[in-house]
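Structure, as structure tokens:
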Amino acid sequence: MTYLDRFRLDGRTALVTGGARGIGLATCEALAEAGARVILTDRDAEAAEAAAQGLRDKGHDVRADRLEVTDSAAVEALAARYPEVDVLVNNAGIARSNVPAETMSDDVWSSVVDINLNGLFWCCRSFGKRMLERQAGTIVNVGSMSGYIVNRPQEQAQYNASKAAVHQLTRSLAAEWAPRGVRVNAVAPTYIETEMNAYVYDDPELMRHWVGGTPQNRMGRPDEVAAVILFLASDAASLMTGSIVLADGGYTCW
Ligand code: NDP
């Protein structure tokens, strides 16, 4: 096998959560380009189907399915339908910004933790169980540099806490499952140009913090995160498990 072959995913099945747009959609394209059969899931069935059709129009092997990651029964049902999934990318996530901790509602706290942490765990559990039975498979979780640092000047304790928990969950599962052939890693991106951040583009003060605070002097693009996910999902990363890979333009160096 050549070094370049190690990055290929021919014959593998990959499932991505929150795949209808942003980092998830770019990841579906990256995995499909590498030869995987991709199952693009999202909580909005129509958006998932439209996104999958866009990738099929480019010649990729992609099908769509609805998946609300907070519904553990639905996650288990989908995993039972696709026991052959070799690559799981837990990308679905939300952020709620500018919410001071002392006045945060139960709903804001719970909705973020429910999707970013609980939903991600339900997916790891259901798909991971089947990977363990086959003694093969790999999971890539989308964490965040916010799992390491407290980004300023926003107040989003729930988001930061949920992503730090994702990192430690990644390391815990990696240690438990490594002896049985399943790798678990995470990517920790900086600020990425997606709809999640649409509210920031018209806020020069925030943009000054984000861009000016980044040694590369820019935000990241979804495809740049997808490339890291592709690497972690591939055999090129066969020695890596429990790694949290920063893709942050140097933000956390300062
Ligand atoms: P987007 O908001 O652009 O896309 C997220 C997608 O996930 C949407 O299609 C959304 O659907 C879907 N989704 C949300 N909740 C659920 C759910 N409960 N079940 C299934 N699908 C769901 O986000 P990004 O692409 O920016 O972010 C993707 C991941 O990357 C997230 O985990 C995020 O925390 C992480 N991340 C993002 C960064 C950034 O700067 N953008 C930085 C670091 C990490 P809907 O339209 O219905 O909301």
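Contact map, region 35-55: residues that are within 14 Å of Thr13 (Cβ to Cβ) paired with residues that are at pLDDT 95 or above and part of a helix (DSSP H, G or I), Cβ distance under 7 Å, separation 6+ or inter-chain. Pairs shown: Val38/Cys28; Val38/Leu31; Val38/Ala32; Leu40/Cys28; Leu40/Ala48; Leu40/Ala51; Leu40/Ala52; Thr41/Ala48. Applying the set (1) more than 23 Å from Thr27 (Cβ to Cβ); (2) touching a residue at least 60 places away in the same chain (Cβ under 8 Å); (3) within 16 Å of the ligand (Cβ to nearest atom) to His209 leaves exactly one unmet item: (2).
For region 81-101: of the residues being farther than 20 Å from Met196 by Cα and touching a residue at least 24 places away in the same chain (Cβ under 8 Å), which is surrounded by the fewest Cβ atoms within 10 Å (Cβ to Cβ)? In this case the residue turns out to be Ala101.
Is one or more of the residues making up region 152-159 away from the ligand (no atom under 12 Å from the Cβ), free of Cβ contacts under 8 Å to residues at least 40 places away in the same chain and farther than 21 Å from Leu25 by Cα? No, region 152-159 contains no residue that is away from the ligand (no atom under 12 Å from the Cβ), free of Cβ contacts under 8 Å to residues at least 40 places away in the same chain and farther than 21 Å from Leu25 by Cα.
The values are calculated or read from the model by the stated rules, or taken from the named source; none is laboratory data. Here the structure is a predicted model, which means the values were calculated and not measured. Every residue, glycine as well, gets a Cβ built from its backbone with ideal geometry; the counts of neighbours run over all protein chains shown.
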